[in-house]
1. Can you confirm whether segment 35-47 contains a residue that is within 23 Å of Ala373 (Cβ to Cβ) and touching a residue at least 60 places away in the same chain (Cβ under 8 Å)?
2. Look at segment 242-270 and say how many of its residues are within 19 Å of Phe320 (Cα to Cα), open to solvent by less than 10 Å² (accessible area, probe 1.4 Å), part of a helix (DSSP H, G or I) and small (Gly, Ala, Ser).
3. Please identify the pairs in which a residue from segment 244-273 that is under 16 Å from Leu330 (Cα atoms) has its Cβ atom under 6 Å from the Cβ atom of a residue that is of a type in the set (Val, Ile, Thr) and surrounded by fewer than 19 Cβ atoms within 10 Å (Cβ to Cβ), counting only partners at least 6 apart or on another chain.
4. Any chance you could count how many residues in segment 384-419 are open to solvent by less than 50 Å² (accessible area, probe 1.4 Å) and among the polar types (S, T, N, Q)?
5. Is at least one residue of segment 49-67 open to solvent by 20 Å² or more (accessible area, probe 1.4 Å), under 30 Å from Gln229 (Cα atoms), among the aromatic types (Phe, Trp, Tyr) and at pLDDT 85 or above?
6. Check Ala279, Ala273, Ala314, Ala328 and return the single one that is small (Gly, Ala, Ser), buried (at least 19 other Cβ atoms within 10 Å of the Cβ) and in a helix (DSSP H, G or I).
Amino acid sequence: MSEATATTIAPKTQARAIVTAGFGQNFVLTTVSTFILVYLLQYAGISTGGLAAVTVIITVSKFIDAVLDPVMGSIVDMTRSRWGKLRPYILFSAAPVAVLSGLLFAVPDVDEPAKIAFFGVTYILWSLAYTVCDVPFWGLIGSAFVEPDRRTRVIGSVRAFGSIALGLSTLGMPWLAKLLSFGPETTGSGWTLAVFLTSFLGMGVFLLAFFFGRERETAAASDGLSVRQLVTTLFKNKALLTVLLASVLGFGRFIVQAGGALFVVIAYGDEGAFTLVGAAIILGMVISSFTSPLLLRRMSARRVMVWSSLVAAALYLLMFVVGFANLAVLLVFIFLTGLMLGVFLVTQATMIADSVDDAERRLGVRNDGISFASLTFVSKIMNALAVLVFGVFVVIAGYERGVTVTPDMQQTVFIALTIVPAVSCVLSALPFIRWRRAGADPAAGAPAATA
C-alpha cells in the first residue's frame, strides 16, 4: 500500500486543507494575471512598443500552456509513486511557482531587449510550473472525496475562495507594494518584495493539499496507465466530452471579465468604475459558489447547466435592452450574471468529477489527471476566445486611445458584452439539451464505486 492511502485523514480535514490550498494558489495566480502589465509599464520601464512584444509572449505562452494541459494530465495518470500519482506534483511544483512568480516582478534594470528576454523566459517557465501544480490539484479534488455531495461542496468552496482571493489581491497588493517601498511612492522594488512575500505564503499554503489530501483507494486501473488506455477512456467518456463542448460554446460568459475594464473607459470615461464592475462580478460568483451545491442536491447537474445557461442568456439580453446609461442598473445585471457564472463554474467541475466516476464504473479505468486537465484546457480556451471576440468588436468600433468616443462606438462594444454572451450561453445549453443517456445521468450525483 502506498503512503498516499496508508494514512487515513478525516474528510473534513481534507476538505478544509484543499479549500485553503486553493485560496493560496489562486491568490498567486490572480496577482500575476492582474498586475503584471501594470508592473512592466509603470515600474519596469517597458515602452509601448515593448508592450507589443510582451503581449505576443503572453499569448503564445498561453497557447502552449493550453496544449500542454492534456499532456500534463497524461503524465499524471502514467505516474506511480509512494505518494500516489497526483500529490508528488503538488509537492514539487510549489517552490518553482513561488520563485518564478516573484521573478516576474523583478525585471533587471538593463536595456529593453534584455528586459523583454528576461520576462519572456521567466513567464514561459512560470506558465509551465503553474500547469504542473494546477492539473493535479483539481484531480486531487475529484479523487479525494468519494461522496458526490461533499465533493460538490468542496468544489463550490474552492471556486468561492478563488473569487475572494481575486478580490483581496486586487485591493490589497497595491497597498502592500506601497508599504514595502518604504517611502511616499510605490516603487518597482516594493512590488518585487510584495510579490515574493505573497507568493511564498500562497504556495506554502498550497502545500496543505499535499500534506492533508489523500487519493482514493480503487480497484480500477488508476496509476501507471498507458497512453492507449488514456486516449480510449477519454473518447468513450460521453459525459466529459459533452461538458467540454458546452464549455467552449459558452466562452461568452468570460467576455465581461476580459473586456469590462475597457468598456467602462469607453462608456463612462472612468477607468476607476471597473472596480465596481469587478466587485459586482466577484460578489455574485462568491454567493453562487457557496450556494450551488444546495441547488445540485435538488436538480441534476445537466438540468442546472441548461437552466443556468438560459437564465444567463435572458439576463444578458435584458442588459442590452436596458442599456448602460445608468451605471447602478448595469451593476445589478453584472451581479446577476456573476451569479450565473459561479453556478456554471461549480457545476462544470462537478460534472467532470462525476464523469470520472462514471468512466471508472463502466470502463474500469480512473483517469483523474487527463480528465481534469481538460477542465483547465477548456478554461484557457474560453478565456482566449473571450479576449479574441471582444478585441474584434473593439476593432470594428474603431476605438483607440485618444479618439473621440461616439454613441455608435459605445453601442458596438456593448453588443460584445451582452448579445455575444447571450448567444454563447444559448449555444452552451444545446449539448445538454440533446444529451440523453439510457439509465442514470452520470452527472446527477450517483455514488461512485469504491474498492
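The values are calculated or read from the model by the stated rules, or taken from the named source; none is laboratory data. These numbers were taken from a predicted model, which means no experiment stands behind them. FYI the Cβ positions are ideal-geometry reconstructions off the backbone, even for glycines, and counts take in every protein chain you see. These accessible areas exclude ligands, DNA and RNA; they are computed on the full protein's heavy atoms, side chains included. Shrake-Rupley method; radii C 1.70, N 1.55, O 1.52, S 1.80 Å.
1. No, that holds for no residue.
2. 3
3. If the second residue must be of a type in the set (Val, Ile, Thr) and surrounded by fewer than 19 Cβ atoms within 10 Å (Cβ to Cβ), the pairs left are Ile266/Val405; Glu271/Val265.
4. Within segment 384-419, residues that are open to solvent by less than 50 Å² (accessible area, probe 1.4 Å) and among the polar types (S, T, N, Q) number 3.
5. no
6. Exactly one residue qualifies, and that residue is Ala273.
Yes or no, residue by residue, for (1) under 18 Å from the mean Cα position of the chain (by Cα); (2) charged (D, E, K, R); (3) in a loop (DSSP other than H, G, I, E, B):
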{"site": "Ile116", "(1), (2), (3)": "no, no, no"}
{"site": "Thr122", "(1), (2), (3)": "no, no, no"}
{"site": "Trp126", "(1), (2), (3)": "yes, no, no"}
{"site": "Leu140", "(1), (2), (3)": "yes, no, no"}
{"site": "Val146", "(1), (2), (3)": "no, no, yes"}
{"site": "Gly167", "(1), (2), (3)": "yes, no, no"}
